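Q: Let me begin by handing over the structure; questions about it come next.
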Amino acid sequence: MITAFQLAKIIFTGAGALEKVPETIKMQGLKKPLIVTDKGVVKVGLAKKVEDILTAAGIPYALYDETVPNPHEKNAADSYDLYTKEGCDCLIGLGGGSSMDAAKACGILATNGGPLGNFRGMGLLKADLPFYIAIPTTAGTGSESTCAAVITNAQEEHHWKMVILDGRLLPSVAIIDPLLMTGLPPAITASTGMDAMTHAIEAYISIGAMEYSNAMALGAIELIFKYLRRAVGNGNDIEAREKMAYAQTMAGIAFSNGGLGLVHSMAHPLSAFFNFPHGFANAVCLPTVLEYNKIVCREKMATIARLSGLTDLGPYPEDTAIEAVQRLNDDIGIPRTITGVAAQIGATADSKDIEAMSKDALEEVSTITTPRVPSLNDVIGLYNKCW
Ligand SMILES: [Fe+2]
């Protein structure tokens, strides 16, 4: 079978990599970036770091900082308005997946027009995005290394997340600087870290998995088992931050090429209906969906168990893998149930929405590559089990 393997053209990686931003822009002959970010990134001073670097290099810029978690079509429209009004010619996505995806959506509007819903699905973009530099400040989404953007639709009565998949969404340049991640609070470190773990595991057991994506996925799983607890427990543990930064990028490359699965399909409705942070939504579903999947991927699950660092895998290594994932969730403070997550984040989750969420989950593009084919009743059962 012929497969394609794609990633950002250049990945600058390592402590201090942020310094590469000005020369990257100048080398392209570009004049003025729009920085797409959010209030949290501004508040902790990370936007200012980028602004200072640009100012010192004599590069003017504009800043859009209204991106919300689970970014909305309005973020794309408003940032694109600013991009045009300010005469920008390139984009910087600075933050977690929300800001980096909002920047991608802004880029889609700039060169493909809208509405964004026209591009929901795979390979529907008609033109390249403007030059785009992705700078993650969390270790989770991997948006800096993926061909995906996830945007919540503007329709008030039924919120769903539009997954847009297209090689044109790969950033021109990704800058992975662990020094931007040391200030992340433990809960966000935990949530985003488990998003990365879910990317890696789902990519590995996906029916779209290939040798290249497997190598990235397995490397990421091992690093996350080894370093996520440390990054949560001590945000200033530079080694742990650095390894998690690499792991999330590797996991992003893995799933961008190998695909995802039912955990993401079920997580997106949890965010669309109840505004769950994406990482929590994944983490709470992951053990239950692995239990459902295990009959079709026993050997791969055994490999995951091995990567968890355990030496005694027991007679059923696939169960050991699930236990290792559950134990990691427990250790970093992720609740075991959907209602537990809701209580922790102050959201309301109503079980009357399970059927509608299950229908949405089945329609998610990630369901195409999930290893065990789910029915509507299966998905309803899985939500109930996680509830
Ligand atoms: Fe994700």
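Q: So for the pair Lys126, Thr337, with labels modelled 7 Å out along Cα→Cβ, what separation do we get in nm?
A: 5.0 nm
Q: Here is a follow-up. Taking the alpha-carbon centroid of each part, what is the distance from segment 248-303 to segment 60-112 in angstrom?
A: Between the Cα centre of segment 248-303 and that of segment 60-112, the gap is 27 Å.
Q: Sorted by packing (mean other beta-carbon atoms within 10 Å per residue), highest first, where do 220-230, 365-375 land?
A: 220-230, 365-375
Q: What aspartates and glutamates does Lys43 reach when the alpha-carbon gap must be under 18 Å and sequence neighbours fewer than 8 apart in one chain are set aside?
A: Glu51, Asp52, Asp65, Glu66
Q: Here is a follow-up. Please give the contour-minus-distance gain from Ala62 to Glu363: 0.36 nm per residue of separation, less the Cα-Cα distance, rounded to one decimal in nm.
A: Gain in length upon complete extension: 104.6 nm.
Q: I've got another one for you. Could you grab the relative contact order for the chain? Cα pairs under 8 Å, six or more apart, rounded to a whole percent.
A: 15 percent
Q: At a temperature of 25 °C and a viscosity of 0.890 mPa s, determine how fast segment 66-106 diffuses translationally according to Stokes-Einstein, using the Kirkwood radius over alpha-carbon pairs as Rh; express D in µm²/s, rounded to the nearest whole number.
A: Translational diffusion coefficient: 245 µm²/s.
Q: Please compute P(r) over all alpha-carbon pairs of segment 243-387, binned at 5 Å starting from zero, and give each bin as a whole-number percent.
A: Spelled out per bin, shortest first, that is 2, 10, 18, 22, 21, 17, 8, 3, 0.
Q: In the neighborhood of Ala231, defined by Cβ-to-Cβ distances under 11 Å, what is the net charge if each Lys or Arg adds +1 and each Asp or Glu adds -1?
A: My count for the surroundings of Ala231 gives +2.
Q: Related question: Could you tally the net charge around Asp177, taking each other residue with its Cβ under 13 Å from the Cβ of Asp177, Lys/Arg +1 and Asp/Glu -1?
A: Charge balance near Asp177 sits at 0.
Q: Pop out the Kirkwood hydrodynamic radius of segment 10-180 from its pairwise C-alpha distances, inverse of mean 1/r, in Å to one decimal.
A: After inverting the mean inverse Cα-Cα distance, the result is 15.6 Å.
Q: Right, another one. First select every other residue whose beta carbon is under 14 angstrom from the beta carbon of Asp166; then total the charges, Lys and Arg +1, Asp and Glu -1.
A: +2
Q: Excluding same-chain residues fewer than 8 positions from Lys300, which lysines have a Cα within less than 25 Å of its Cα?
A: Correct list for Lys300: Lys226, Lys243, Lys385.
Q: Kirkwood hydrodynamic radius, segment 197-326, all distinct C-alpha pairs: what's the number in Å?
A: The Cα-based Kirkwood calculation yields 14.8 Å.
Q: A further question on this structure: Per residue Cα convex hull volume for the chain, in cubic angstrom?
A: Taking the convex hull of the Cα positions in the chain, it is 124 Å³ per residue.
Q: Would you list which lysines come within 22 Å of Lys31, measuring only between C-alpha atoms, while excluding same-chain residues fewer than 8 positions from it?
A: Leaving aside lysines fewer than 8 places away in the same chain, those within reach of Lys31 are Lys9, Lys20, Lys48, Lys49, Lys85, Lys104.
Q: Also: What order do you get for Ser265, Ser351, Ser308, Ser358 when you list them from fewest to most C-beta neighbours inside 10 Å?
A: Neighbour counts put them in this order, fewest first: Ser351, Ser308, Ser358, Ser265.
Q: Within 10 Å, count the other beta carbons around each residue, average over each peptide in 342-350, 252-260, 145-153, and list them highest first.
A: Result, highest mean first: 252-260, 145-153, 342-350.
Q: Can you give me the Cα centroid spacing of segment 320-387 and segment 124-189 in angstrom?
A: Cα centroid of segment 320-387 versus Cα centroid of segment 124-189: 22 Å apart.
Throughout, read-outs are computed from the coordinates displayed, never taken from laboratory work. Predicted model only: the values in this text are computed from it and were never measured. Don't worry about glycine lacking a Cβ; one is built from the backbone with ideal geometry, like all the others, and counts go over all protein chains shown.
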